[in-house]
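> Before I ask anything, here is the structure I am working with.
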There are 2 protein chains.
Amino acid sequence: MTVTLADVAARARVSPATVSRVLNGNYPVAASTRERVLRAVDDLDYVLNGPASSLAAATSDLVGILVNDIADPFFGIMAGAAQTQIGGPGDGSGRAGGEKLAVICNTGGSPERELTYLTLLQRQRAAAVVLTGGAVENPEHQAAMAAKLAKLADAGTRIVFCGRPPLPEGDALVAALAFDNRGGGRRLTEHLISLGHRRIGYVAGPRERTTTRHRLEGHREALHAAGLGAPAAEGGAGGPGAGSGDQGADGDPLVVHGPYDRRSGYEATLELLRRAPDVTAIVAANDTVALGACAAVRDQGMRIPQDISVAGFDDLPFSVDAVPALTTVRLPLFEAGARAGRLAMGKENPPPGGIATIAAELMIRGSTAAPRG
Amino acid sequence: MTVTLADVAARARVSPATVSRVLNGNYPVAASTRERVLRAVDDLDYVLNGPASSLAAATSDLVGILVNDIADPFFGIMAGAAQTQIGGPGDGSGRAGGEKLAVICNTGGSPERELTYLTLLQRQRAAAVVLTGGAVENPEHQAAMAAKLAKLADAGTRIVFCGRPPLPEGDALVAALAFDNRGGGRRLTEHLISLGHRRIGYVAGPRERTTTRHRLEGHREALHAAGLGAPAAEGGAGGPGAGSGDQGADGDPLVVHGPYDRRSGYEATLELLRRAPDVTAIVAANDTVALGACAAVRDQGMRIPQDISVAGFDDLPFSVDAVPALTTVRLPLFEAGARAGRLAMGKENPPPGGIATIAAELMIRGSTAAPRG
DNA sequence: ACAGCCGTAGCAAGCGCTTTCTACGGAAGA
DNA sequence: TCTTCCGTAGAAAGCGCTTGCTACGGCTGT
């Protein structure tokens with residue numbers, strides 16, 4: 001039923017070995033023979049059997065891209081950009097050789113699924129794996145990840161981090177592209193402070209996430225530098241047994257944690273406004289959350305930015321269209337994703353030290369202004 | 001270096017066949033033996049070799065999901081939902097059996113890449129393929145797609161369409177979930193007409209796209225029904241050699257085509273306003289385009305909806321947060337994606353006739369209102 | 001007590017491809 | 001003219017797993 005290499009070989013009157021070599025193009029084959037083989041391939045409509053090929057060659061052409069939530073453009077943009085460098089033609093060069101299949105895996109932010117996907121990828125002998133987004137800061141999980149990644153790495157899989165810091169036990173085998181979340185967070189809050197804000201609410205992302213922590217730390221750095229610091233809750237690996245409440249278990253009433261979604265932004269903002277009616281600005285963990293925050297502020301009958309300023313993070317495409325346009329921190333998601341893709345393909349050399357920090361740029365727009373006289 | 005089935009077998013003092021059967025769980029194995037094997041697997045940290053397994057079993061656990069643009073939440077939501085039903089655990093049942101690896105492939109809307117991915121998937125002997133989004137209405141491409149899909153289908157790959165109509169030569173092997181784009185488009189325009197609008201501009205998606213055509217047809221149906229029809233340009237497979245201009249080559253000056261992105265919405269709206277300064281409403285091909293349209297309207301110094309109404313399509317998450325909130329047509333993207341995933345997994349029976357139409361719901365919000373007296 | 005079964009486990013034959021090693025013919029060098 | 005070498009093609013040995021078929025006890029039925 002299905003056409004095999006041998007069928008093609010028979011039709012081209014050559015040996016299977018020759019057909020394989022023509023297809024892989026890594027061995028000298030006379031032009032006339034090649035042509036005959038190619039014609040046979042065409043005539044028979046032959047399609048290589050991937051599993052068989054991978055088995056024999058001990059490598060596959062799969063590249064995994066792990067994301068927390070593919071419905072979120074933050075990840076969609078990075079994943080799409082990475083795929084640009086990995087799969088299909090489209091690089092204009094026609095049916096180029098480096099054809100790989102990019103596999104986007106949606107972990108939903110769950111550590112178990114992350115590990116499961118890594119196993120699945122290991123099972124497929126993936127050529128490379130790109131890990132995007134923030135990592136979960138759970139020692140146990142991190143250890144499991146490190147072990148798994150080490151195993152993948154020495155099975156020949158290239159590992160690339162994109163927008164997340166490398167694991168503590170970072171081995172030299174990985175390349176990492178980390179966003180300057182801390183610096184971006186700091187500059188954003190500095191901007192607010194320079195406008196005259198003194199009481200700033202912060203809608204943070206989920207706890208135990210590097211991204212969440214770094215952005216929040218940047219925020220606090222700015223606050224402290226301006227002498228506005230809340231009780232310092234920094235350093236250490238987070239207080240033990242902080243419970244799961246959204247309440248500022250850090251002891252800081254001006255910070256509320258929640259998932260990275262609109263609803264969380266809405267509710268956390270309401271909570272913040274209840275706790276501290278005197279806040280004049282709200283910083284959200286990301287743009288999506290900021291949108292929810294804006295809605296909440298508006299529903300409370302306040303105007304942005306006259307009554308209260310709101311800022312986001314990421315500069316997703318829709319942020320410029322918010323009304324007023326959202327002040328935020330721009331992360332070059334597409335560029336970073338593309339670079340990660342290139343790194344995964346071995347098309348680009350890893351940065352010195354294996355890790356590069358990607359700058360974040362403050363985008364000042366209409367949603368922030370000086371507090372009312 | 002790498003642990004193989006045989007190693008596990010040796011350690012468990014059984015034959016490789018037995019280990020395989022324990023792992024696949026499709027053959028009776030005594031409990032005690034199973035336990036011994038499982039322990040050996042654990043001890044050795046064994047990971048199945050996917051390619052070898054796929055080769056021997058002539059099936060793989062890959063499921064492909066084709067999307068036009070993964071950075072667009074429209075696709076991200078569907079893909080994520082589908083993956084929910086396909087990959088990883090997370091269904092609460094722990095390491096269930098039906099573990100599959102969902103592969104999201106980003107075609108960028110390009111026919112060639114679509115075909116390329118299908119070939120790659122065919123090469124991997126994918127268990128199923130989910131095609132999302134509108135199809136390109138190019139006879140040649142459609143024929144190629146039909147041929148490719150037929151080949152996939154009789155290689156045992158399940159084919160599911162999600163949010164796109166099945167191919168003309170629809171064989172019974174596929175299940176299709178089609179959005180009621182035409183009906184949604186019609187109701188949206190009817191709503192505008194009922195508010196009193198008579199001159200309605202339309203920012204359409206790219207030509208040669210089923211989605212674009214259906215939404216536009218719905219719009220025109222409503223117009224005609226109200227006796228507002230422009231020169232009827234319907235039926236037929238589109239005028240030949242219409243050139244590539246954005247201009248209303250259909251002959252309808254109130255319609256401008258462009259890609260499904262914000263920028264296109266912005267520019268097309270400017271063009272529309274120039275051509276017909278008397279329009280009182282603008283319907284966009286989708287929400288993203290609508291955001292661009294809103295920006296353009298605002299930049300022209302007009303207010304929404306007092307001076308001009310704007311409507312979108314899809315009801316993406318950010319639409320409710322636009323200011324004013326966007327009137328649009330809600331498509332149950334998540335539900336459809338999940339259902340497609342289930343269909344792909346064979347967890348759900350295909351709808352009668354193989355094709356189901358998914359209803360679109362009109363969401364009336366603040367961006368549309370009666371035109372100024 | 002013996003034939004016949006059922007429940008389990010092993011044997012061995014591939015699955016379709018890659019790749020090392022060998023072979024062969026002709027061109028170039030001696 | 002004979003040897004050497006290069007360019008090119010074939011033979012064959014796996015890659016690690018699945019699975020049809022066979023084999024072997026102990027149970028049941030008569």
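> Considering only residues that are surrounded by fewer than 16 Cβ atoms within 10 Å (Cβ to Cβ), more than 8 Å from DNA strand D (Cβ to nearest atom) and of a type in the set (A, V, I, L, M), which ones fall in the range B:2-22?
B:ALA10
> Look at B:VAL41 and say whether it is within 12 Å of DNA strand C (Cβ to nearest atom) and either in contact (Cβ under 8 Å) with a residue 60 or more places away in the chain or more than 12 Å from chain A (Cβ to nearest Cβ) (or both).
No, not satisfied.
> Among the residues that make up the range A:162-172, is at least one of them within 14 Å of chain B (Cβ to nearest Cβ) and modelled with pLDDT under 90?
The answer is no, given that none of the residues of the range A:162-172 is within 14 Å of chain B (Cβ to nearest Cβ) and modelled with pLDDT under 90.
> Within the range A:88-98, identify whether any single residue is at pLDDT 90 or above, surrounded by fewer than 24 Cβ atoms within 10 Å (Cβ to Cβ) and over 22 Å from A:ALA178 (Cα atoms), and answer yes or no.
Looking through the range A:88-98, none of the residues is at pLDDT 90 or above, surrounded by fewer than 24 Cβ atoms within 10 Å (Cβ to Cβ) and over 22 Å from A:ALA178 (Cα atoms).
> Sticking with this one: Please give the number of the condition B:ASN349 fails out of (1) surrounded by fewer than 17 Cβ atoms within 10 Å (Cβ to Cβ); (2) under 30 Å from B:SER194 (Cα atoms); (3) free of Cβ contacts under 8 Å to residues at least 40 places away in the same chain.
(2)
> Hey, another quick one. It is to be established whether one or more residues within the range B:39-55 are in contact with a Ser or Thr (Cβ under 9 Å, 6 or more places away or on another chain) and more than 10 Å from DNA strand D (Cβ to nearest atom).
The answer is no; no qualifying residue exists.
> Also: Residues that are closer than 28 Å to B:LEU177 by Cβ and in a strand (DSSP E or B): does the range B:307-318 have at least one?
Scanning the range B:307-318 turns up at least one residue that is closer than 28 Å to B:LEU177 by Cβ and in a strand (DSSP E or B).
> If you go through the range A:173-201 one residue at a time, how many are part of a loop (DSSP other than H, G, I, E, B), modelled with pLDDT of 95 or more and closer than 30 Å to A:PRO351 by Cβ? It would help to see each step written out before you state the result.
Residues of the range A:173-201 that are part of a loop (DSSP other than H, G, I, E, B), as a first pass: A:173, A:180, A:196-199.
In the following step, the residues that additionally are modelled with pLDDT of 95 or more were identified as A:180, A:196-199.
When the remaining residues are screened for being closer than 30 Å to A:PRO351 by Cβ, the result is A:180.
Residues meeting the conditions: 1.
> State the number of residues belonging to the range B:336-359 that are assigned to a helix (DSSP H, G or I) and within 19 Å of B:LEU66 (Cβ to Cβ).
Adding up the residues that qualify gives 11.
> Considering only residues that are within 14 Å of chain B (Cβ to nearest Cβ) and more than 6 Å from DNA strand C (Cβ to nearest atom), look in the range A:1-38 and name the one that is modelled with the lowest pLDDT.
Here the answer is A:MET1.
> I need the full set of residues from the range A:294-324 which are at the interface with chain B (Cβ under 10 Å from one of its Cβ atoms) and within 24 Å of the chain's Cα centre (by Cα), in order please.
If the condition is that a residue be at the interface with chain B (Cβ under 10 Å from one of its Cβ atoms) and within 24 Å of the chain's Cα centre (by Cα), then A:LEU316, A:PRO317, A:PHE318, A:SER319, A:VAL320, A:ASP321, A:ALA322 are the ones that fit.
> Now, a different point. Cβ-Cβ below 7 Å, separation at least six or inter-chain, first residue in the range B:1-28 and farther than 15 Å from B:SER53 by Cα, second more than 7 Å from DNA strand C (Cβ to nearest atom) and aromatic (Phe, Trp, Tyr): which pairs?
Close Cβ pairs (under 7 Å, with a partner that is more than 7 Å from DNA strand C (Cβ to nearest atom) and aromatic (Phe, Trp, Tyr)) amount to B:VAL8/B:TYR46.
Yes/no matrix, rows are residues, columns are (1) surrounded by fewer than 20 Cβ atoms within 10 Å (Cβ to Cβ); (2) farther than 21 Å from A:THR119 by Cα; (3) at the interface with chain A (Cβ under 9 Å from one of its Cβ atoms):
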residue: B:SER60; (1), (2), (3): no, no, yes
residue: B:PRO73; (1), (2), (3): no, yes, yes
residue: B:GLY80; (1), (2), (3): no, no, yes
residue: B:THR84; (1), (2), (3): yes, no, yes
residue: B:THR116; (1), (2), (3): no, yes, yes
residue: B:HIS141; (1), (2), (3): yes, yes, no
residue: B:LYS151; (1), (2), (3): yes, yes, yes
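> Moving to a separate point now. Does B:LEU331 meet the test of being in contact with a Ser or Thr (Cβ under 7 Å, 6 or more places away or on another chain) and surrounded by 15 or more Cβ atoms within 10 Å (Cβ to Cβ)?
So B:LEU331 fails the test.
The values are calculated or read from the model by the stated rules, or taken from the named source; none is laboratory data. From a predicted model like this one, the values you see are computed outputs, not experimental measurements. In this analysis, Cβ positions are derived from the backbone assuming ideal geometry, glycine residues included, and neighbour counts consider all displayed protein chains.
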